[in-house]
Amino acid sequence: MRVVLWVLALFALAVAVTLMARFDQGYVLFVYPPWRAEMSFTLALTLAVASFALGYFAVRLLRLAVRLPADVRAWRRRRRSDKAEDDLSRAVAAYLAGRMAEARRLADSALRHEEAPLSALLAAHAALAAGDPQGAQTYLDGLQTEVGELSEARQALARKLAETAPTVMP
């Protein structure tokens, strides 16, 4: 309904401009020595509106071109973050399903895309569950967080790693 009203208003404006141009008796004279240009008032008004519109769109296009590198960087960052989130959620699902090697691979992929403490923690848990305490220690060393729950989870994993270390090593 809104589009119909806009189209109707546009047609009404076109009719009003046509009626105004029909009864226009005025002229505009531009003088720039040694040249002179004489035209109807309606043509001068149309040229002024068209030049404004052209200038407006040229400025918008220039602004778009200047901002394009920053927009592309933001898009790539968003895409990398989305990929990391997807890999992390798939890693959690694989960990809960008991597929530790896949969970570690996906968490490592999420960690490469975006440094997230949860990805490192999940990769360390998966490595420890798969029987690789050195790999778990590597992920644990790279994990730096002061967030309450993640810090507690890191400490719990470090204790678990310390408990399994004497049984694994001769």
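So is residue 109 touching a residue at least 12 places away in the same chain (Cβ under 8 Å) and open to solvent by less than 90 Å² (accessible area, probe 1.4 Å) or not?
Values: touching a residue at least 12 places away in the same chain (Cβ under 8 Å): yes; open to solvent by less than 90 Å² (accessible area, probe 1.4 Å): yes.
Judged against the criteria, residue 109 is a match.
If I filter the range 66-82 for residues that are under 30 Å from residue 143 (Cα atoms), in contact (Cβ under 8 Å) with a residue 12 or more places away in the chain and open to solvent by less than 90 Å² (accessible area, probe 1.4 Å), do I get at least one hit?
The answer is yes; a qualifying residue exists.
State whether one or more residues within the range 57-78 are among the acidic types (Asp, Glu), in contact with a helix residue (DSSP H, G or I) (Cβ under 7 Å, 6 or more places away or on another chain) and in a helix (DSSP H, G or I). So that I can check it myself, show each step before the final result.
First pass over the range 57-78, keeping only residues among the acidic types (Asp, Glu): 71.
Next, from what is left, pick out any that are in contact with a helix residue (DSSP H, G or I) (Cβ under 7 Å, 6 or more places away or on another chain): none.
No, the conditions are met nowhere in the range 57-78.
Residue 100 passes all but one of (1) modelled with pLDDT under 90; (2) more than 30 Å from residue 157 (Cα to Cα); (3) open to solvent by less than 50 Å² (accessible area, probe 1.4 Å); which number fails?
(2)
What's the number of the condition residue 22 fails, among (1) among the charged types (D, E, K, R); (2) touching a strand residue (DSSP E or B) at 6+ places or on another chain (Cβ under 8 Å); (3) open to solvent by 100 Å² or more (accessible area, probe 1.4 Å)?
Failing condition for residue 22: (2).
Quick one: is residue 163 assigned to a helix (DSSP H, G or I) and within 27 Å of the chain's Cα centre (by Cα)?
So residue 163 fails the test.
Please verify whether the range 112-123 includes one or more residues that are in contact with a Ser or Thr (Cβ under 8 Å, 6 or more places away or on another chain), closer than 25 Å to residue 78 by Cα and outside any helix (DSSP H, G or I).
Looking for residues that are in contact with a Ser or Thr (Cβ under 8 Å, 6 or more places away or on another chain), closer than 25 Å to residue 78 by Cα and outside any helix (DSSP H, G or I), one finds at least one in the range 112-123, hence yes.
Show the residue pairs meeting these rules: Cβ distance below 6 Å; 6+ apart or different chains; first residue within the range 41-54 and more than 9 Å from residue 28 (Cβ to Cβ); second residue among the small types (Gly, Ala, Ser).
Correct list of pairs: 42/21.
Against the definition (modelled with pLDDT under 80, part of a helix (DSSP H, G or I) and either surrounded by 13 or more Cβ atoms within 10 Å (Cβ to Cβ) or in contact with a Cys (Cβ under 6 Å, 6 or more places away or on another chain) (or both)), how does residue 150 come out, yes or no?
yes
Can you pull out the residues in the range 1-17 that are open to solvent by 90 Å² or more (accessible area, probe 1.4 Å) and over 38 Å from the mean Cα position of the chain (by Cα)?
Scanning the range 1-17 gives 11, 13.
The values are calculated or read from the model by the stated rules, or taken from the named source; none is laboratory data. Keep in mind that this is a model prediction, so the values were computed, not measured. Note: ideal-geometry Cβ built from the backbone for every residue, glycine included; neighbour counts use all protein chains shown. Just the protein is used for accessible areas: all its heavy atoms, side chains included, with ligands, DNA and RNA removed. Shrake-Rupley method; radii C 1.70, N 1.55, O 1.52, S 1.80 Å.
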